[in-house]
Structure formats: structure tokens, C-alpha cells
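The values are calculated or read from the model by the stated rules, or taken from the named source; none is laboratory data. What you are looking at is a predicted structure, and each value in this text was computed from that prediction instead of being measured. Note: ideal-geometry Cβ built from the backbone for every residue, glycine included; neighbour counts use all protein chains shown. Keep in mind that these areas ignore ligands, DNA and RNA; they rest on the heavy atoms of the full protein, side chains included. Shrake-Rupley method; radii C 1.70, N 1.55, O 1.52, S 1.80 Å.
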Amino acid sequence: MDEKLNEVLAEVAGGRAMAPRLEAGVASLVLDVTGLGAVERGNIEERVRQALLGLSEVEEVRIAQTADK
């Protein structure tokens, strides 16, 4: 499943997804939003959330955002 999770994240988030995990139906990751405006941050987070919820093994998605200043 980790391979599928990584494939989906690479497709929708490019290199912005870090430390993805799937445990007990909960997918969690850190999303690097450096350089993105508020709308872009929301859009990428929602794309990632919907893509992961499309996987049969995922029941919940938790996303933390980080950005370099």
C-alpha cells in the first residue's frame, strides 16, 4: 500500500508531500506549501485529500502544512 500511496501523492502533490504514512485507515503527511498563496495551499490540500480518500484503504486523511520563510 505504501507504494500506491506514494504514487498518488507524486501525481497530485509532486514533490511537496513528505513523510506519508498509512496506519489503521488513517493517511497522514506533511505538505510543503512554500511559495504558495492561501488559495493555492487550500487547493493542493483538497486535491491530496480527495485523491487519498479515493483509495479503498484510506478512511481519514490528516495533513499538516509547512513552509520555509
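How many residues are among the β-branched types (Val, Ile, Thr) and within 16 Å of GLU3 (Cα to Cα) when one looks only at the stretch 14-69?
Number satisfying all stated conditions: 3.
Being in a helix (DSSP H, G or I), touching a strand residue (DSSP E or B) at 6+ places or on another chain (Cβ under 6 Å) and free of Cβ contacts under 8 Å to residues at least 40 places away in the same chain is the filter here; which residues of the stretch 10-52 pass it?
Hits for the stretch 10-52 are ARG16, GLU45, ARG49.
Could you list, in sequence order, the residues of the stretch 22-58 that are within 28 Å of LYS69 (Cα to Cα), over 10 Å from the mean Cα position of the chain (by Cα) and not polar (S, T, N, Q)?
Residues satisfying the conditions are VAL33, GLY35, LEU36, GLY37, ALA38, VAL39, GLU40, ARG41, GLY42.
Tally time: how many residues in the stretch 16-35 are of a type in the set (Ser, Thr, Tyr) and surrounded by 13 or more Cβ atoms within 10 Å (Cβ to Cβ)?
Going through the stretch 16-35 one residue at a time, the tally reaches 1.
Can you go through ALA38, ALA13, ALA51 and tell me which one is among the aliphatic types (A, V, I, L, M) and open to solvent by 40 Å² or more (accessible area, probe 1.4 Å)?
Answer to the check: ALA38.
Just give me the residues in the stretch 54-63 being among the hydrophobic types (A, V, I, L, M, F, W, C) and either assigned to a strand (DSSP E or B) or open to solvent by 30 Å² or more (accessible area, probe 1.4 Å) (or both), in sequence order.
If the condition is that a residue be among the hydrophobic types (A, V, I, L, M, F, W, C) and either assigned to a strand (DSSP E or B) or open to solvent by 30 Å² or more (accessible area, probe 1.4 Å) (or both), then VAL61, ILE63 are the ones that fit.
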